[in-house]
Structures are given as C-alpha cells and as structure tokens.
Amino acid sequence: MKPIVTLTLNPSIDGAAETDTIRPTHKIRTSNERYYPGGGGINVARVVAELGGPTRAVYAAGGATGPILDALIEKRGIAIQRIGIDEDTRISHSVYERTSGLEYRFVPEGPELQTQEWQACLDTLSHLDCDYLVASGSLPRGVPADFYVRVAEFTRRLGIRLVVDTSGTALTAVVEAGGLYLIKPSLGEFEQLVGAKLPDAAAQHAAAMALVNSGKVALIAVTLGHLGAFLAAPDGILRLPAMPIEAKSAVGAGDSFLAAMTLGLARGMPAREAFKLGMAAGTAAVLTPGTELCTRADVERLFAELTAAPEPAAE
C-alpha cells in the first residue's frame, strides 16, 4: 500500500489548556498545556498514522513557527514535505473551562500566500507517488478559490483518487469540475453546496444521490453531528445514528472520520465498511479532550460495535 498523501495549505500549531473559570479582564491561569500539529490534512495524516497506515503530509508553512510545526509532525512519525512560505504559520488555541465543561476555541485566519508559494504547492503534486490524495482544510488568503480544481486536474492525469474536505466556494468549484472520489461535508456545508435547505432525511438522501449519479463525485459522506452520518454511494444510501458516548471535545471529529474512511478504502474495504470505520474514528475523537484526536484502541472497539450491529438496508 502506498502512503496516503495529505495536502494542507493553512496548517496550524494547536495549543490546548485547561482552567477553572474564564473571566474577562482577569489573568487566566491555565494548566495541562499541550501542543499538536493541526490543520485539516495534517490531522488526517495524524489519524492515518495512529491507525497504522503509511502517510505523508504535504503542507505550506513558514516564518518563525514553521520549523516548530515540522518538529511536531515528525515527532509523530509522519513523513513531511513542507513548502516554505514567508509569513508565520498560525497558532490556534483552545481552553477547557472545568467549572462549566465548556471549551473555548481561538482560531486565527493564518498567513497570506503569494502566487509563487501556492503555485509551488501545485508543482509539488506532479512528483507524488500515491493512490490517494486528501486535500483538506480552508484555503488561506491569497489562494484562488479554484485551487482544488487545479489539484483535481493533477490527480486525474496521474490516476490518483482525490478526497476533498473543504467548504464554501472552494468546495462548490471543485465539485462542479468533477472527477472526485470522496467528499465529506457537514450537513450545513452540503446544503450550501447544493444551494437548498434539506430539512429531512429524504431530501438529504435525494440530493446526495443526484450528485453521485451525476458522476462528479463517486462517494459522499455527510456528517450530521449528534444525529450521526450518511453515505451516498452508487449502490444507495447507508445512514447510521450517532453512537451513544459522552463527548469531551468536538475538535478533530471530522478529520478523524475522513482519515479512517480513506484508510479503509485504501486498504480495499467496501465503501460501506470504510464508512463505518470513519464513523468509529469520528466518535472516538470526541472521547478525547482538546485537540487530541482518536486513539487506535477506541477506534477498533467502536468499529467492532458498529460492524456487529444489524445494518439498515441500502435505500
């Protein structure tokens, strides 16, 4: 199996900490500080590695914080390929308030990329040797909205299956261009993509199947938060409810879902089984606090529960 390559144009260094109470104007003393490499594609690479799969993280980073991000990723045994940029890589922070059980997240917009910098990211793709490329996360300032469309042109030419997890105009543009293997929008992102409110399961399923039948996307996994998720594939719909667990943090659930599902597909799992692996990983991610992602033990335990349960018939 070739490494699953991930592409992240707007990565981050994610800090997490805890405190008793958050109050304005006061100096807030924190404890249990931790730092993780973050950004959609990097989170995907972290989970693929945690689940025992080979992976390589390709990302744009620079300034004083770029080398720190490099070290955080390499510490997790992930192969890296950094495209250097002039501006600093962003630093995000989340603080868990123990008295309320609430989590506060602070996410900067990040650097602005120059034309030659995002072009260098595209040029890097022509040298990839992989079967799956996961392009995940927001596009930083300075990057054109059709960037992922240009990525899709590379992957079609190289015979690589492209997995995309983004939103807004970037998602609309790349889906319209077609040739995608998998997208994983939230329900809100999917409604924005199709340009309509989808008030019930029937409407959601119909819109997803219409897109699959158009040939623009082979597989669509729509995450529904506390309501679970559904898969639209050529053989129909599989909808699963959320698993009953006590959530500690929602950070990284979508990235964990996408990573595990992609890894399952890369390992030859049928789409419905890979979707369940994604469900297990997304659920496992909310069991961990802060910006920590899923653990392999939790994913394997939850996946076993999902596969043992009776499966609804495909619609």
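The values are calculated or read from the model by the stated rules, or taken from the named source; none is laboratory data. Fair warning: this is a prediction, and the values are worked out from it, not measured in the lab. Neighbour counts run over all protein chains shown; Cβ positions are idealised from the backbone, glycine included.
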Practice task
Determine if the range 91-102 includes at least one residue that is modelled with pLDDT of 95 or more, assigned to a loop (DSSP other than H, G, I, E, B) and in contact with a strand residue (DSSP E or B) (Cβ under 6 Å, 6 or more places away or on another chain).
Solution key: no
Practice task
Tell me which of these residue 251 doesn't satisfy, since it passes every other one: (1) at pLDDT below 95; (2) in a loop (DSSP other than H, G, I, E, B); (3) surrounded by fewer than 20 Cβ atoms within 10 Å (Cβ to Cβ).
Solution key: (3)
Handout entry: In the range 169-219, residue nearest to residue 150 (Cα to Cα) [restricted to those that are β-branched (Val, Ile, Thr), in a helix (DSSP H, G or I) and touching a strand residue (DSSP E or B) at 6+ places or on another chain (Cβ under 9 Å)]
Key = 174
Practice task
From 223, 307, 283, grab the single residue that is among the polar types (S, T, N, Q), closer than 20 Å to residue 49 by Cα and either in contact with a helix residue (DSSP H, G or I) (Cβ under 8 Å, 6 or more places away or on another chain) or modelled with pLDDT under 95 (or both).
Solution key: 283
Problem - Test: residue 260 is in contact (Cβ under 8 Å) with a residue 60 or more places away in the chain and not aromatic (Phe, Trp, Tyr) - result: yes
Handout entry: Test: residue 229 is farther than 22 Å from residue 137 by Cα, buried (at least 16 other Cβ atoms within 10 Å of the Cβ) and of a type in the set (Gly, Ala, Ser)
Key = no
Handout entry: Residue within the range 24-40 that is in a helix (DSSP H, G or I), within 21 Å of the chain's Cα centre (by Cα), closer than 24 Å to residue 112 by Cβ and at pLDDT below 95 present
Key = yes
Exercise for the section: Among what's in the range 74-90 and is in a strand (DSSP E or B) and of a type in the set (A, V, I, L, M), pick the residue that is surrounded by the most Cβ atoms within 10 Å (Cβ to Cβ). Expected result: 85
Fill in the blank from the handout: residue 184 meets each of (1) surrounded by fewer than 17 Cβ atoms within 10 Å (Cβ to Cβ); (2) in contact with an Asp or Glu (Cβ under 6 Å, 6 or more places away or on another chain); (3) within 16 Å of residue 261 (Cβ to Cβ) with one exception, condition (1)
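Which residue, of 57, 17, 61, is touching a Lys or Arg at 6+ places or on another chain (Cβ under 6 Å) and either basic (Lys, Arg) or in a strand (DSSP E or B) (or both)?
The conditions single out 61.
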Handout entry: Residue match in the range 46-55 (condition: at pLDDT 95 or above, buried (at least 16 other Cβ atoms within 10 Å of the Cβ), under 24 Å from residue 150 (Cβ atoms) and of a type outside the set (Val, Ile, Thr))
Key = no
Fill in the blank from the handout: Pairs returned, first residue in the range 76-89 that is free of Cβ contacts under 8 Å to residues at least 40 places away in the same chain and under 15 Å from residue 13 (Cα atoms), second residue that is surrounded by fewer than 19 Cβ atoms within 10 Å (Cβ to Cβ) and small (Gly, Ala, Ser), beta-carbon separation under 6 angstrom, 6 or more apart or interchain, are 87/63; 88/63; 88/64
Fill in the blank from the handout: Within the range 147-168, of all residues that are out of contact with any Leu (no Cβ under 7 Å at 6 or more places or on another chain) and at pLDDT 95 or above, the one nearest to residue 58 (Cα to Cα) is 148
